[in-house]
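The values are calculated or read from the model by the stated rules, or taken from the named source; none is laboratory data. Keep in mind the model is a prediction, meaning the values are calculated, not measured. Using ideal geometry, Cβ is built from the backbone for each residue, glycine included, and neighbour counts are taken over all protein chains shown.
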Amino acid sequence: MKKILSIALFCAASASAQTAEFDRVVNQVMDSLTNLTTISRGFQSEVMALEADNQLSGPEVGFEYKWPQQRGVENRWGIELSQEFEWPGIYGARRRAASELRELGANSVELNRQWLRYEVSDRLLQLIEVRQRLELLREAGKNLEQVSQKLTVMLERGQATVLDVRKAEFELLAVKEKIASAEAECNRLRGSVTFGQFIPEGIDLLTDFPAHGLEIPQDSPAEIDAAADAVRSNLQSQVERMKRLPSFSVGYVHDFEEGIHFNGLSVGVKLPDFGSRKSAKAADLEAETAQMKREEARAERNSEIAANIAEAHRLTSLLAEYNKALGQSDYLRLLQKSFDAGQITLTQYLLDQNWYLTTRLDHLALRLRLLRLGTSL
C-alpha cells in the first residue's frame with residue numbers, strides 16, 4: 001500500500017512539474033513575440049492618420065498685380081491671406097473616431113493576445129504528442145531490432161527461414177520510416193511554437209502533457225477582425241456624413257488702387273459636391289457589411305463551441321475505456337519475452353505489436369484532442 005501511495009505521489013509531483021514548466025515556456029514566448037506589437041502599431045498608425053487629417057491646412061497667400069492699358073493710370077496690386085476650414089462638426093467627429101480607435105486597438109490587442117497564447121499552447125501540446133509518439137516508436141523499433149538480430153542467428157542454426165528474417169526487416173523499415181517522419185514533424189513544431197522567431201529556453205524539457213487543457217478564447221480571429229472592421233467602418237461613416245456639409249474660408253485682404261491702400265476681410269463658402277453623398281453612402285454600406293460579417297463569425301464560433309463541448313463529452317468516455325485497456329505500460333517487453341520463449345510465432349508477434357502500437361497512438365491522439373478542446377486530464 002505504501003509503495004502504491006509513493007508511486008501516486010511521484011506521478012502527481014511529476015505532472016505538477018511538467019505543468020509548471022509548460023506554463024513557464026508559454027509565458028516566456030508571450031513576453032518575447034512581436035506579433036502583438038505589430039497589431040498595436042497598426043492601430044496607432046490609423047489614429048495618427050485621423051489626427052493628421054484633423055489639423056487645419058496651411059494658410060493660402062495670394063498676390064495680384066494689374067497694369068492699365070492707358071497712360072496716366074497707376075498700377076494696382078493686392079495681397080490676400082486666407083485660411084480654409086471644414087464644417088466644425090467634422091473635427092469633433094474625427095476626435096471621437098480617434099479616441100474610439102485607441103480603445104478599439106487596446107481591446108483588439110488583448111483579444112489577439114488571448115488567441116496568440118492559445119496558438120502557442122496548442123503548438124506546444126502538439127510538440128509533446130510527437131515526442132511521446134517518438135518514444136513509443138523508438139521502443140518498438142528497438143524491440144524489432146533485437147528480434148531481427150535473433151532471427152538472423154536462428155537462420156544460421158536452421159531454426160528460422162529467410163522469409164522470417166525479411167518479414168522482420170520489412171516491419172523494422174516501416175517503423176524507422178514512421179520515426180523519421182515523426183522527427184521531422186518534431187523539428188517543424190519546435191520552430192513553429194514561436195512562429196520561427198526564436199527557440200524558448202526549456203522547450204526541450206517538455207515531454208509530458210500538462211494537467212490542464214487549453215484556455216480557448218471566446219472570440220475567434222475571424223470575429224476579432226470582423227468586430228474591428230465594423231467599428232472602423234462605422235467611424236468612417238460618421239466622418240463621411242459630416243463631409244456633406246459646406247466648408248469655409250476666412251481671409252485678410254489688402255489692395256492698392258489709385259494711390260489708396262484698402263484693408264478688408266474675405267469670406268468664402270465651398271458647397272459640397274455630389275460625390276460626398278456617394279462617399280457617405282459607400283461608408284454606410286461598408287459599416288453594414290462589416291456588421292454582417294461580425295454576426296456571421298459569431299454564429300460560426302458559437303456553433304463550433306457547441307460542437308467541441310459535445311465532442312469533449314464523447315472523447316472523455318472513450319478515453320476512460322482506453323485507460324482501462326492500456327493499464328499495462330510494458331506490453332512490448334512482455335510481447336518480446338513471449339516470442340523469445342517460443343510461446344508465440346513471429347507472425348503473431350508482429351501482428352500483436354502493430355495492434356498495440358495502433359492502440360497506443362490512437363490513445364495518444366485522443367489525449368491531445370481532449371487537451372486541445374480545453375478539457376483537463
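Give Ala297, Ala365, Ala325 a once-over and let me know the one that is under 27 Å from the mean Cα position of the chain (by Cα) and modelled with pLDDT under 85. Please lay out each step first, then the result.
Values: Ala365 fails: modelled with pLDDT under 85; Ala325 fails: under 27 Å from the mean Cα position of the chain (by Cα).
Result: Ala297 is the single residue among Ala297, Ala365, Ala325 that is under 27 Å from the mean Cα position of the chain (by Cα) and modelled with pLDDT under 85.
Do any residues in the range 32-52 that are within 12 Å of Arg95 (Cα to Cα) have Cβ atoms under 6 Å from those of residues that are surrounded by 13 or more Cβ atoms within 10 Å (Cβ to Cβ), where the two are at least six apart or on different chains, and which pairs are they?
Close Cβ pairs satisfying both conditions: Val47/Ala98; Val47/Leu101; Val47/Arg102; Leu50/Arg94; Leu50/Ala97; Leu50/Ala98; Glu51/Ala98.
Considering only residues that are loosely packed, with under 12 Cβ neighbours inside 10 Å and either farther than 30 Å from Gly268 by Cα or of a type in the set (Gly, Ala, Ser) (or both), which ones fall in the range 42-64?
Passing the criteria: Ser45, Ala52, Ser57, Gly58.
Looking at Thr359, Thr375, which one is touching a helix residue (DSSP H, G or I) at 6+ places or on another chain (Cβ under 9 Å) and either farther than 18 Å from Ala140 by Cα or exposed (fewer than 12 other Cβ atoms within 10 Å of the Cβ) (or both)?
Thr375
Can you confirm whether the range 271-284 contains a residue that is aromatic (Phe, Trp, Tyr), farther than 30 Å from Phe63 by Cα and at pLDDT 85 or above? Before the answer, list the steps.
Filtering the range 271-284 for residues aromatic (Phe, Trp, Tyr) gives 274.
Checking which are farther than 30 Å from Phe63 by Cα leaves us with 274.
Restricting the remaining residues to those that are at pLDDT 85 or above gives none.
No, because not a single residue in the range 271-284 is aromatic (Phe, Trp, Tyr), farther than 30 Å from Phe63 by Cα and at pLDDT 85 or above.
Cβ contacts < 6 Å: first residue farther than 17 Å from Pro210 by Cβ, restricted to the range 350-369; second residue of a type in the set (D, E, K, R), any location; separation 6+ or different chain. Result?
Leu350/Glu171
What helices (runs of 4 or more DSSP H) completely inside the range 264-377 contain at least 3 residues that are more than 30 Å from Ala227 (Cα to Cα) and among the small types (Gly, Ala, Ser)?
Details: elements: 274-325, 331-340, 346-372.
In the range 264-377, the matching helices (runs of 4 or more DSSP H) lie at 274-325.
Does Arg157 satisfy the condition of being surrounded by fewer than 18 Cβ atoms within 10 Å (Cβ to Cβ) and modelled with pLDDT under 90? First the steps, then the outcome.
Numbers: surrounded by fewer than 18 Cβ atoms within 10 Å (Cβ to Cβ): yes; modelled with pLDDT under 90: yes.
Yes: the conditions hold for Arg157.
Filter the range 186-198 down to residues that are in a loop (DSSP other than H, G, I, E, B) and under 15 Å from Arg131 (Cβ atoms), then give me how many there are.
First, the residues of the range 186-198 that are in a loop (DSSP other than H, G, I, E, B): 193-198.
Among the residues that remain, those that are also under 15 Å from Arg131 (Cβ atoms) are: 193.
So the count comes out to 1.
Residue by residue, here is whether (1) part of a helix (DSSP H, G or I); (2) farther than 30 Å from Ser40 by Cβ holds:
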{"residue": "Glu80", "(1), (2)": "no, yes"}
{"residue": "Tyr91", "(1), (2)": "yes, no"}
{"residue": "Val120", "(1), (2)": "yes, no"}
{"residue": "Ile128", "(1), (2)": "yes, yes"}
{"residue": "Lys142", "(1), (2)": "yes, yes"}
{"residue": "Glu145", "(1), (2)": "yes, yes"}
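Can you tell me which residue is nearest to the chain's Cα centre (by Cα) among those in the range 202-237 that are part of a helix (DSSP H, G or I) and closer than 17 Å to Ser121 by Cα?
Start the filter on the range 202-237 by keeping residues that are part of a helix (DSSP H, G or I), which leaves 203-205, 221-237.
Filter again for closer than 17 Å to Ser121 by Cα, leaving 203-205, 221.
Working: Ile203: 20, Asp204: 23, Leu205: 24, Pro221: 7 Å.
My answer is Pro221.
All but one of (1) farther than 15 Å from Glu139 by Cα; (2) out of contact with any Ser or Thr (no Cβ under 7 Å at 6 or more places or on another chain); (3) of a type in the set (A, V, I, L, M, F, W, C) hold for Ile344, so report the exception by its number.
Answer for Ile344: the failing condition is (2).
Filter the range 308-347 for residues that are of a type in the set (Phe, Trp, Tyr) and either surrounded by fewer than 14 Cβ atoms within 10 Å (Cβ to Cβ) or in contact (Cβ under 8 Å) with a residue 40 or more places away in the chain (or both) and give the result.
Across the range 308-347, the qualifying residues are Tyr322, Phe339.
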